[in-house]
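Below is one structure, written out as structure tokens, with a few remarks after it.
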Amino acid sequence: MKNQTRRAFLATAATGLAVSALGFPAPAVSAGKTIKIGAVQPFSGGLELFGNQAKLGLDLAAKEINDGGGILGHNVEVIYEDNKTDPKTSVERATSLIRRDEVLALSGPITSNARDAMTPTVKRMKTPLLYATNYEAGACDRYLFGFNTVPNQELEKLLPAMQSRFGNSYYMFGADYVWPQKMFEAAEAIVVGQGGTTAGKEFTPWGVKEFAPVIRRIKDSGAKVLVFALPGADGITFVKQAEDFGLLKDVTVAFLGFAETYLGAFGAGKGQNMWVTVPFVASGEDAGVKDFVARIRAMAGDDVPISHYVMTHYNSLIATKAALEKSGKVDKEALIDGLEGLDIETPTGPLSIGAGDHHVTMNMFLAKTEGSGLQTVEALGRLAPQAGCA
């Protein structure tokens with residue numbers, strides 16, 4: 001992507017919000033000035049598939065907001081920074097966006113360790129963080145809002161569906177960081193509760209190129225379901241090798257954090273019959289979904305994959321508009337106050353932001369990979385989050 005690390009969707013000459021380097025609340029934006037949103041996303045380092053999906057959603061939301069007259073008379077500008085899939089870089093980019101670019105809010109990142117690294121900065125500088133990635137729950141603060149799923153929304157319907165169709169023995173394999181670790185803790189509790197067994201659980205560091213040993217251990221375990229949480233390029237490498245070893249003929253994958261962008265990377269005909277629970281399926285038949293997909297394709301082209309990461313990031317910016325209009329002014333605290341308890345319409349139906357926990361209740365879908373995308377198996381209705389807040 002051209003000028004990936006620093007590309008504003010709508011270039012303007014206007015200055016943005018004034019923010020003290022000490023992090024004190026900024027004054028309201030003057031009429032006619034630009035609302036700047038900083039996006040700290042991975043455009044390199046192994047998770048660029050997700051960063052590019054987030055950008056699609058933010059770009060469409062910014063375009064539609066500006067085409068519709070902006071927010072309280074202000075245009076929206078999204079300023080992108082590449083965090084290189086690195087926590088330290090995430091903090092540097094977030095600090096720069098707040099101090100130098102005077103953003104109203106931040107969007108991103110993808111990984112939990114990058115989010116955790118950024119959290120002290122957004123709290124100190126009193127800048128809302130709009131986090132639109134599925135994660136392990138427990139990130140609860142006035143300055144943080146979660147627009148994607150937490151474990152119960154992703155697992156409580158998925159694992160019973162796997163057991164009823166494929167068997168009650170599970171193997172869990174994922175990256176060695178907080179999101180897979182916490183997801184597997186939640187998954188094990190569900191497995192035990194439904195009378196299943198965990199045949200094995202492993203975590204791997206980033207950058208592994210040879211997965212034959214773990215593939216053999218999974219195969220030898222006799223497990224029928226692989227609960228899989230290895231995102232990005234490493235996950236693609238694993239699935240390719242698992243296909244080549246024939247593992248996926250004997251084991252069905254419950255793929256956590258799945259995005260449709262994976263399927264093209266796996267190779268023709270690979271990665272089929274993997275099961276997920278997601279808040280959006282691009283092949284859905286509902287009018288809102290079809291319209292959303294058409295708008296993305298009109299902007300980005302017919303061949304671009306569209307995953308739930310596109311919609312959740314889109315939702316976060318649409319919610320920003322609704323929250324500021326609800327509050328009647330443009331500043332950081334007004335944005336937070338407006339977001340709390342907010343209800344908006346999304347491509348998949350109503351979404352509600354918890355007034356206390358800042359996480360979202362939304363429609364969810366059980367789906368499986370088929371061909372070049374996902375196909376809905378069952379519409380699960382609105383699922384409330386168990387946000388893990390004290």
For the range 96-116, check the following and say yes or no: at least one residue is within 20 Å of the chain's Cα centre (by Cα), at pLDDT 95 or above, outside any loop (DSSP other than H, G, I, E, B) and of a type in the set (Val, Ile, Thr). no
Does the range 158-172 contain any residue that is of a type in the set (Gly, Ala, Ser), closer than 30 Å to Ala62 by Cβ and outside any strand (DSSP E or B)? no
Quick check, is Thr127 within 22 Å of Lys36 (Cβ to Cβ), in a loop (DSSP other than H, G, I, E, B) and not aromatic (Phe, Trp, Tyr)? yes
List, please: which pairs have Cβ atoms under 9 Å, are six or more places apart or on different chains, and start with a residue in the range 138-163 that is at positive phi and end with one that is part of a helix (DSSP H, G or I) and of a type outside the set (A, V, I, L, M)? Gly138/Lys182
One residue is enough: does the range 361-375 have a residue meeting the conditions touching a Pro at 6+ places or on another chain (Cβ under 8 Å) and aromatic (Phe, Trp, Tyr)? yes
Scan the range 300-336 for residues that are out of contact with any Leu (no Cβ under 9 Å at 6 or more places or on another chain) and either outside the structural domain of Val103 (by TED's automatic domain parsing) or surrounded by fewer than 18 Cβ atoms within 10 Å (Cβ to Cβ) (or both) and report the count. 4
Return the only residue of Thr376, Thr320, Thr348, Thr369 being within 18 Å of the chain's Cα centre (by Cα) and within 30 Å of Arg165 (Cβ to Cβ). Thr348
Looking at Ala334, Ala298, which one is more than 22 Å from the chain's Cα centre (by Cα) and touching a residue at least 24 places away in the same chain (Cβ under 8 Å)? Ala334
Kindly evaluate Gly388 against the criterion of being more than 20 Å from the chain's Cα centre (by Cα) and either touching a residue at least 60 places away in the same chain (Cβ under 8 Å) or surrounded by fewer than 18 Cβ atoms within 10 Å (Cβ to Cβ) (or both). no
All-but-one check, Phe166 against (1) under 19 Å from the mean Cα position of the chain (by Cα); (2) of a type in the set (Phe, Trp, Tyr); (3) surrounded by fewer than 24 Cβ atoms within 10 Å (Cβ to Cβ), failing number (1)
Just wondering, is there one or more residues in the range 51-71 that are part of a strand (DSSP E or B) and either surrounded by fewer than 21 Cβ atoms within 10 Å (Cβ to Cβ) or in contact (Cβ under 8 Å) with a residue 12 or more places away in the chain (or both)? yes
What pairs can you find where one residue is in the range 114-128 and in contact (Cβ under 8 Å) with a residue 40 or more places away in the chain and within 15 Å of Gln41 (Cβ to Cβ), the other is buried (at least 24 other Cβ atoms within 10 Å of the Cβ) and not polar (S, T, N, Q), and their Cβ atoms are less than 6 Å apart, with a gap of 6+ or different chains? Met118/Ala94
Does Thr89 count as surrounded by fewer than 19 Cβ atoms within 10 Å (Cβ to Cβ) and either in a helix (DSSP H, G or I) or touching a Lys or Arg at 6+ places or on another chain (Cβ under 6 Å) (or both)? no
Contact list please: Cβ distance under 6 Å, first residue in the range 240-268 and charged (D, E, K, R), second residue in a loop (DSSP other than H, G, I, E, B), pairs at least six apart or on different chains. Glu243/Lys270; Glu260/Pro305; Glu260/Ser307
Of the candidates Ala186, Ala175, Ala199, the one satisfying the condition of being surrounded by fewer than 20 Cβ atoms within 10 Å (Cβ to Cβ), outside the structural domain of Asp337 (by TED's automatic domain parsing) and at pLDDT 95 or above is Ala199
Report whether or not Pro347 is at pLDDT 95 or above and either within 25 Å of Gly232 (Cα to Cα) or touching a strand residue (DSSP E or B) at 6+ places or on another chain (Cβ under 7 Å) (or both). no
Tell me whether the range 13-28 contains one or more residues that are among the polar types (S, T, N, Q), in the same structural domain as Leu324 (by TED's automatic domain parsing) and modelled with pLDDT under 95. yes
If I go through the range 183-213 residue by residue, how many of them are touching a helix residue (DSSP H, G or I) at 6+ places or on another chain (Cβ under 8 Å) and in a helix (DSSP H, G or I)? 6
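The values are calculated or read from the model by the stated rules, or taken from the named source; none is laboratory data. Quick caveat, the model's predicted, so the values are computed rather than measured. Counting neighbours? That spans all protein chains shown, and the Cβs are built from the backbone with ideal geometry, glycine included.
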